[in-house]
Amino acid sequence: NKKELINRVEHGINSLNHRGPDSKGLCNFDIKENKSSLVLGHTRLSIIDLTPNANQPMQINHGRYTIVYNGEIYNYKELREELIRNGHIFKTDSDTEVLVTLWAKLGDKGLKKIIGMFAFAIFDRLKGTLTIARDAFGIKPLYYKRYLNNIYFASELPALLKLIPTKFNLNIQRSYDYLVHDDYDSNEETIIGGIKHLKPAHTLVFNLKNLDKKKPKIWWKPNITTNDNISYKKAVKKLRKIFIESVNLNLRSDVPIGVTLSGGIDSSAIISVIRYLNPNKKLTTFSFISEKKSISEEKWINFLKKKT
């Protein structure tokens, strides 16, 4: 029942208001081959290109490709310039359009070009395929369930539960693993029986025309080879260069940037690099100060604030 499906998707995206307060979008498609339907919904937190043109679901190539996407592509400007040189004309300044255009050009081979975090779904109307994908390190969550000849997916479990017309049981083993060992995302299973994580660096293709059910496919593996010949001095220099480039990419935003500051090495290094890159930029930091003096890092927080 298409009307019922749309209603469930609307309830699902409403449950994500806390993560996407800036706009809501929904589109649906009829799959003529088996008289089924596809409904895609999205709630947006606007970071890059704040205009309505960048809202989702977003379509390109005369409606062939439709994307719903959560995340941020940090090197989208470089990828955009590369695609422009190859003849593509962009209608927005968003990283969303860059992502779906890259997919249209290269498919999953384009994922290795991306520096960023993402969970997305792309519908190819011509091929009748729905592809869901997750970033290399699983920074952005993506849950799914196959039920009969259907596939349901969402970026949060509560949203996914609103989509599926069945009752669920707790996965006792995974609940134990999480509560006792803090093991949550180490395999496909979740704390709810029958619902799976799409594992980091994986894609899953669902053919809506013939309902072909493929297994998730890995698109990236880390290179764990070591370089024993590099000197300590050169390693420090290389790490510094990589770290500065990474922070610089993460500063791309059309809204104000805030930084969490714990007083520890990680956040202190990030803020120091931001100040190095932008000597006069106003920085907004957020810190938690413990009332217990023995574990409080307020001293180091205040020290860094004075220095930067």
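The values are calculated or read from the model by the stated rules, or taken from the named source; none is laboratory data. What you are looking at is a predicted structure, and each value in this text was computed from that prediction instead of being measured. Because the Cβ atoms are built from the backbone with ideal geometry, glycine has one as well, and the counts that use them run over all protein chains shown. When the accessible area is computed, the model is the full protein with side chains, heavy atoms only, and any ligands, DNA or RNA have been set aside. Shrake-Rupley method; radii C 1.70, N 1.55, O 1.52, S 1.80 Å.
Quick one: Cα convex hull volume of the stretch 163-308, Å³ per residue?
Output value, Cα hull per residue: 262 Å³.
Roughly how many Å² is the accessible area per residue of the chain, as a whole number, for a 1.4 Å probe?
Normalised by residue count, the accessible surface of the chain is 61 Å².
Looking only at the chain, where both bridge partners belong to it, what percent of the DSSP beta bridges are antiparallel (to the nearest 5)?
Within the chain, antiparallel bridges account for around 90 percent of the total.
Between Asn210 and Thr166, take the C-beta separation as r, use R0 = 41 Å, and let me know the FRET efficiency to the nearest 0.05.
Working from the Cβ atoms, E equals 0.95.
What does the highest-first list of 25-31, 116-122, 254-260 look like by mean Cβ count within 10 Å?
116-122, 25-31, 254-260
Out of the total accessible area of the stretch 169-240 (probe 1.4 Å, heavy atoms of protein only), what percent is carbon and sulfur?
That share works out to 54 percent.
What's the ranking of 202-214, 276-288, 58-70 by average number of surrounding C-beta atoms within 10 Å, highest first? It would help to have the intermediate numbers written out before the result.
Values: 202-214: 16.5, 276-288: 11.1, 58-70: 18.4.
Taking the mean over residues of other Cβ atoms within 10 Å, the ranking is 58-70, 202-214, 276-288.
Using +1 at the C-beta of Lys and Arg and -1 at the C-beta of Asp and Glu, which of Ala119, Gly41, Ile31 has the Cα lying farthest in the positive direction of the dipole of the stretch 1-120?
Checked the options; the winner is Ile31.
Quick one: net charge around Ile301, please, counting Lys, Arg +1 and Asp, Glu -1 for every other residue with C-beta under 14 Å from its C-beta.
For residues surrounding Ile301, the net value is +2.
For the chain, with only Lys/Arg (+1) and Asp/Glu (-1) charged at the beta-carbon, what is the dipole magnitude about the Cα centre, in debye rounded to 20?
Result for the chain is approximately 520 debye, rounded to the nearest 20.
So how much slack lies between Ser262 and Gln173, counting 0.36 nm per residue of separation and subtracting their Cα-Cα distance, in nm?
Between Ser262 and Gln173, full extension yields an extra 28.6 nm.
Can you give the extra length, in nm with one decimal, that the chain gains between Trp300 and Asn86 once fully stretched, where that is 0.36 nm per residue apart less the Cα-Cα distance?
The Trp300-Asn86 span can extend by a further 72.1 nm.
Count charges around Gly71 for me, please; just the other residues with Cβ under 9 Å from its Cβ, Lys/Arg as +1, Asp/Glu as -1.
Local net charge: -2.
Please report Rg over Rh for the chain, where both radii come from the alpha carbon positions and Rh follows the Kirkwood definition.
Result: Rg/Rh = 1.00.
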